[in-house]
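Working notes, beginning with the structure itself.
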Amino acid sequence: MRKIDFRQLFKNNWIHFLAIGLFIITTFIYFQPQFTGHSLKQHDIEQFKGMSNEINHFRDVNGEEPLWTNSMFGGMPTYQISTKYEGNLLKKVSTAFQLWLTSPAGMFFAYLLGFYIMLLCMKVNAKVAIFGAFAFAFSSYFIIILQAGHNTKAAAIGLAPPVIGAFYMAYRHNLKWGVVLSALFMSMQLAANHVQITFYLGMLLVFVGIAEFIRHIKHKNIGNFLKATGALLLVYVFALGINYGNLSLTNDYSKYTIRGGNDISINVNGTTNAANSTSGLDKDYVTQWSYGVKESMTLISPYVLGGSSAAIANSQFAEQLRSPEMRSKASLVAQNNIYWGDQPFTSGPVYLGIIVFFLAVLGMVYLNGPMKWALFGITVLTLMLSWGKNFMGLTDFFLDNVPFYNKFRAVTIILAIVELTIPLIAVLFLNKLFKKKEEILNNIKPFYIASAALLVVMVVLTFTGLGNGYLSTQENDYLYSYGDQVKAQLAQEDPAVLRENGIDINNASQVQQVIDQQMKRVNDQFDALIEFRRGVYQSSMLRSIFFLVMGIALVSIFLKTKVKKEYILLGLGLFVVIDLVMVDLNYLNNKKSDGRNYDHWAEKEKNDFPVAPSQADKQILEQEVAADPSLKSLIDNVSVANGKNRGRVNQNELWLKKLQTLGMATNYRVYEPSIGFNSSRASYFHKALNGYHGAKLRRIQNVKDFHINYNNMDVLNMLNVKYFIQEGQARRNPGALGSAWLVKELSVQPNANKELLALSNMFMISNESEHALVVNGVSKKLDTISGRENIVFFNGDSMRVDLSGVLRSGVNSSFVQDVNGQVNWIPTVELEKDSLNSFSKLLTVQMIHDFDPKNEAIIGVEDASQLSSLTFTGQGSIEMTSYAPNAMVYSVNVPDNQFAVFSEMYFPDGWNAYVKGEKVEIQRVNYLLRGLELPAGKYDVEMRFEVPKFDLANNISFAGSILLFIVMGIFFFQDFLMKNKEDEAA
């Protein structure tokens with residue numbers, strides 16, 4: 001056996017070494033700060049550090065996975081936050097695929113390498129493949145998600161192309177290696193842990209598979225198709241096995257999340273939610289981020305809707321405010337949004353380059369075979385699906401009929417497939433252009449037609465616009481209704497105030513004059529805004545036209561002259577990269593606006609501990625230590641340990657360690673309503689009710705919608721919210737019920753709707769008149785209400801009945817009309833004293849349920865059937881004595897059978913309770929908490945989160961990984977021996 005000739009190896013593969021070298025150099029240049037002690041400021045990574053803080057602390061201290069965390073949303077599994085499957089060795093291979101670099105540089109390198117590998121698998125010329133890799137990697141969306149911190153999405157996108165390449169290879173020219181590489185790359189892609197991208201990749205593979213089926217039928221070779229298909233399906237199952245732990249546990253968990261359907265059938269106001277529900281996410285949540293139909297033009301011209309959401313004065317177009325045309329109007333538009341699309345907000349456009357698009361158009365003209373139609377079909381389908389609520393016919397069909405589609409939110413993410421297929425079609429055309437120039441020259445007319453048609457369309461659209469008037473839908477609605485708003489405001493104003501300003505509300509012409517004056521001011525503002533945005537739109541279209549002309553010119557030069565293809569390829573590559581990078585730099589760059597600090601980067605040490613504790617966080621620590629002085633030594637030891645071991649203490653890290661230590665020694669929750677429910681800032685330091693996650697448990701979402709949003713203190717108390725952070729200060733909640741407590745009675749409710757509603761006071765509304773009472777559109781004489789229903793009373797005129805004051809007081813009240821026709825709510829006891837009959841009773845409201853979580857628990861029928869009784873004395877005590885995120889111990893001392901409620905999230909797949917060492921059934925109470933019936937005695941109750949499947953999954957992953965490496969090693973060795981024999985024979 002001959003030794004490997006490295007000189008010959010390099011000579012035969014120099015182009016691949018060059019490609020990797022270019023990829024490395026480009027990565028180091030674009031992300032230069034990452035290699036000088038900086039890391040990228042990434043919003044989602046900051047949120048991730050908050051949500052994963054307790055997990056990391058437990059892992060560091062105990063050397064094992066907790067699998068559960070109480071750091072956000074009251075508690076949830078860690079499967080889709082941070083869980084390490086050490087048995088899955090493909091994660092380590094993925095790290096090598098990213099050049100052992102962290103995000104963003106590692107992800108960007110994976111973009112380049114992944115697309116390059118795909119094209120080599122498709123037998124594309126290596127030089128053309130280099131062009132394709134850059135065209136793919138610099139696509140704007142892929143850069144924007146790096147800046148946002150969507151690292152798992154970026155990793156999954158980078159690994160999607162080699163999966164496609166191996167799939168193609170298995171059908172076309174090398175079944176053995178196509179299948180083996182499919183196993184490798186699909187295992188790695190699944191390990192990236194972004195199931196949504198994997199699902200969209202599966203859609204693309206189906207289309208390519210259909211194309212291959214048609215091709216094999218055409219060539220009467222169906223046997224090879226079946227063999228390749230069977231082998232691919234087998235190795236995909238094998239890849240699923242290697243990732244069994246993550247996929248299986250995520251599947252188990254998803255049933256209890258917002259992605260697993262809803263156990264309630266009503267909206268907050270009591271109406272049915274059937275129209276918005278699916279077996280997964282609600283439709284409005286899925287389609288909240290929907291790409292506009294006209295917004296699709298950003299694929300070929302980046303700023304046709306302005307770019308990212310930002311005030312004009314803070315956007316890349318701020319300089320234009322200083323132009324002579326806009327100088328006098330700058331103040332009118334500076335604070336308006338530069339983005340005028342229909343998404344709630346956006347970090348930037350999905351732009352894939354006009355030259356790339358142009359080459360793809362030529363690909364649709366000149367490429368042959370079913371593959372181009374497969375790529376075209378999936379491109380059109382995914383583009384239309386990205387429109388979401390703007391194309392609900394197709395969206396509804398997929399949500400209701402395509403398995404798993406309704407598990408995924410933000411339909412705009414599917415545009416990642418468009419950004420893959422269009423560059424692929426473009427590269428396949430370039431490959432044919434350079435290989436079969438004469439064939440295209442002999443059929444040159446379509447080239448002229450396609451080029452001219454695209455150019456004419458771009459020129460026409462430059463001057464006609466997209467038909468949206470350069471305003472968003474919300475802005476158009478505002479402008480349309482502004483006059484009515486002014487009129488309504490005048491009608492509500494105190495007449496005396498109006499008279500002081502010379503306005504007679506009864507003088508219609510004078511009122512109209514005021515409205516006209518206000519409308520003129522608003523119209524002037526919007527006219528200036530439209531003028532500015534028209535300039536942004538036209539400049540975007542003109543830049544696209546410029547690059548399009550350059551692309552047409554270069555292809556024409558190649559067809560009409562004898563200029564070498566390498567020069568043409570280099571020219572196209574330079575224009576494509578310049579075009580894309582000019583856009584990308586708006587969203588991720590190395591600028592130092594203040595001359596000292598990077599806009600998008602920070603020193604790595606600062607980013608490692610990005611959240612500074614607020615005064616409120618420190619106050620919580622101080623109050624806890626004051627209440628339990630034994631905590632002081634624990635906290636002081638943290639300070640001493642850090643002070644001795646560090647020359648310069650990072651104060652953020654020091655405070656984090658203090659609060660981590662406090663968190664493991666105590667058990668309470670913190671709620672910070674001012675930052676919104678969906679933020680993990682508080683989770684960084686505490687066990688929080690807030691959080692940040694796209695797959696929170698369904699029950700906490702429902703409780704948030706029905707109760708937390710309405711500041712239901714009974715619910716917040718039962719969730720053990722001991723501290724509120726408001727305006728930077730910690731406010732202690734004396735009503736927090738603690739870790740566990742004993743209740744006296746259980747109220748059985750027939751279904752989930754009733755269980756959820758029973759967590760607040762309930763009322764009976766009665767119509768005492770001959771007029772109509774309508775509750776949520778249905779006429780009622782008597783109805784049980786929560787107070788959030790749409791209630792209208794008809795007594796000649798229709799009036800909406802406002803119950804807010806009545807519900808706050810909790811007093812039985814009557815809605816009455818006096819002799820002058822005025823209506824109002826008065827306490828019923830006061831009405832009974834009205835001996836003069838001054839009022840006519842129209843409606844009465846009586847409280848029929850007063851939720852008291854300290855003494856009462858709500859329970860469903862099935863759980864209630866497992867109990868010996870529904871009433872208890874509530875005597876005795878229960879107290880937490882030990883806390884860990886996945887194991888809690890309570891000391892119990894009760895004289896007879898009692899029922900305990902625990903302020904912990906109910907989750908049946910893993911949480912087990914042990915009383916006196918014996919496993920007992922946990923009941924779900926108060927809709928989302930745990931409950932236990934306790935026997936008489938003095939003993940400990942243990943709650944443990946036990947997931948035997950986790951260890952099994954790690955073993956399966958490890959065995960599968962080793963088996964894959966062995967098979968690959970055998971195949972490499974076989975090929976090496978065969979090559980040696982061929983060389984010796986030669």
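Read-outs: derived from the displayed coordinates by stated rules, not from any lab. Please read these numbers as outputs of a predicted model, since none were measured by experiment. We place every Cβ from the backbone using ideal geometry, glycine too, and count neighbours over all the protein chains shown.
Okay, here's what the table says:
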read-out: Label assignment, P(r) over Cα pairs in 10 Å bins from 0, in percent derived from the structure, set (i) 2, 12, 22, 26, 21, 12, 4, 1, 0; (ii) 2, 9, 16, 20, 19, 16, 11, 5, 2, 1, 0, 0, 0; (iii) 2, 9, 12, 11, 11, 10, 10, 9, 9, 8, 5, 2, 1, 0; value: (ii)
read-out: For a label point 7 Å along the Cα-to-beta-carbon line of N837, residues of the range 743-779 with backbone N under 11 Å; value: none
read-out: Cα centroid separation, the range 478-518 to the range 28-95 (Å); value: 57 Å
read-out: Degrees separating the helix 651-665 axis from the principal Cα axis of the chain, which is the longest one; value: 50 degrees
read-out: Under the Karplus curve 6.51 cos²θ - 1.76 cosθ + 1.60, θ = phi - 60°, whole-Hz ³J(HN,Hα) for the range 534-541, x wherever Gly or Pro sits; value: 4, x, 4, 4, 5, 5, 5, 5
read-out: The range 476-620: relative contact order in percent, alpha carbon pairs under 8 Å with at least 6 residues between; value: 11 percent
read-out: Net length gained if the chain between L479 and F972 were fully extended (0.36 nm per residue, minus Cα distance); value: 170.7 nm
read-out: By average C-beta atoms within 10 angstrom, highest first, the peptides 112-120, 447-455, 9-17; value: 112-120, 447-455, 9-17
read-out: Evaluated over the range 78-143, the Cα radius of gyration and Dmax, each in Å; value: 14.3, 45
read-out: Leading residue at positive end of dipole, the chain (Cβ point charges), from N709, F31, G469; value: F31
read-out: Those lysines that a straight Cα-Cα span of less than 20 Å connects to K487, excepting residues fewer than 8 apart in one chain; value: K520
read-out: Extension gain (nm, one decimal) between Q538 and R322, 0.36 nm per residue minus Cα-Cα; value: 76.0 nm
read-out: Computed label-point distance, nm, for sites V829 and L175 using a 7 Å Cα→Cβ extension; value: 8.8 nm
read-out: Residue exposure sequence - M364, M186, M905 - by fewest surrounding Cβ within 10 Å; value: M364, M905, M186
read-out: Magnitude of the charge dipole, the range 856-946, Cβ model with Lys/Arg +1 and Asp/Glu -1, debye to 20; value: 140 debye
read-out: CD proxy at 222 nm, helix term only [per DSSP H run n ≥ 4: -39500 (n - 2.57); per residue of the chain; nearest 500]; value: -16500 deg cm²/dmol
read-out: Selection from F950, G63, M203 lying farthest towards where the dipole of the chain points positive, charges on Cβ; value: M203
read-out: Local electrostatic count, L359, Cβ distance below 13 Å [Lys/Arg +1, Asp/Glu -1]; value: +1
read-out: Dmax and Rg, reported as Rg then Dmax, of the range 175-239 (C-alpha, Å); value: 12.7, 39
read-out: Charge tally in the Cβ shell below 12 Å around Q898, where Lys, Arg are +1 and Asp, Glu are -1, Q898 excluded; value: -2
read-out: Under the Debye formula (equal points on every Cα, no solvent term), log10 I(q)/I(0) of the range 856-946 at q = 0.12, 0.16, 0.22 Å⁻¹; value: -0.33, -0.60, -1.19
read-out: Cα centroid of the range 176-199 to Cα centroid of the range 752-798, whole Å; value: 55 Å
read-out: Charge dipole (debye, nearest 20) of the chain; +1 at Cβ of Lys and Arg, -1 at Cβ of Asp and Glu; value: 4920 debye
read-out: Distance histogram for the range 276-600 (every C-alpha pair counted, 10 angstrom bins, percent rounded to whole numbers); value: 5, 20, 25, 22, 15, 7, 3, 1, 0
read-out: Karplus (6.51, -1.76, 1.60) ³J(HN,Hα), θ = phi - 60°, over the range 402-411, in Hz, Gly and Pro reported as x; value: 8, x, 6, 4, 7, 8, 10, 9, 6, 4
read-out: Partners for K562 among lysines (Cα-Cα distance below 23 Å; same-chain residues under 8 apart left out); value: K127, K432, K435, K436, K437, K445
read-out: Listed pairs K283/K704; K329/K591; K604/K632; K255/K949; K11/K560 exceeding 27 Å between Cα atoms; value: K329/K591; K604/K632; K11/K560
read-out: Cα principal axis extents for the range 414-490, largest first, Å; value: 75, 29, 10
read-out: q = 0.13, 0.20, 0.25 Å⁻¹: log10 I(q)/I(0) that the Debye formula gives for the range 511-579, counting C-alpha atoms only; value: -0.57, -0.83, -1.01
read-out: Using alpha-carbon coordinates, inclination of helix 565-584 to the longest axis of the chain, degrees; value: 20 degrees
read-out: Order of F376, F463 under a 10 Å beta carbon neighbour criterion, fewest first; value: F463, F376
read-out: In degrees, nearest ten, helix 631-645 long axis to first principal axis of the chain (Cα); value: 30 degrees
read-out: Fully extended contour minus Cα-Cα distance, from V522 to K606, at 0.36 nm per residue; value: 25.8 nm
read-out: Per-residue ³J(HN,Hα) for the range 587-598, Karplus 6.51 cos²θ - 1.76 cosθ + 1.60, θ = phi - 60°, Hz, x for Gly and Pro; value: 10, 8, 9, 10, 5, 10, 4, 8, x, 10, 10, 5
read-out: The chain, relative contact order [Cα under 8 Å, separation at least 6], %; value: 14 percent
read-out: Cα Rg, Dmax (largest Cα-Cα span) when computed across the range 208-253, Å; value: 15.2, 46
read-out: In nm, spacing of pseudo-spin labels at Q510 and N276 (7 Å Cα→C-beta vector); value: 4.5 nm
read-out: Dimensions (Å) - the range 96-220, Cα atoms, principal axes, largest first; value: 49, 32, 24
read-out: E439-D263 pseudo-label distance in nm [points 7 Å out on the Cα-to-Cβ vector]; value: 6.1 nm
read-out: The range 403-531 - Debye-derived log10 I(q)/I(0), Cα point model, q = 0.09, 0.12 Å⁻¹; value: -0.62, -0.80
read-out: Placed amide H near Q726: partners under 5 Å, 5+ positions off or other chain; value: R731
read-out: Ranked packing of 878-885, 854-861, most packed first, by mean Cβ within 10 Å; value: 854-861, 878-885
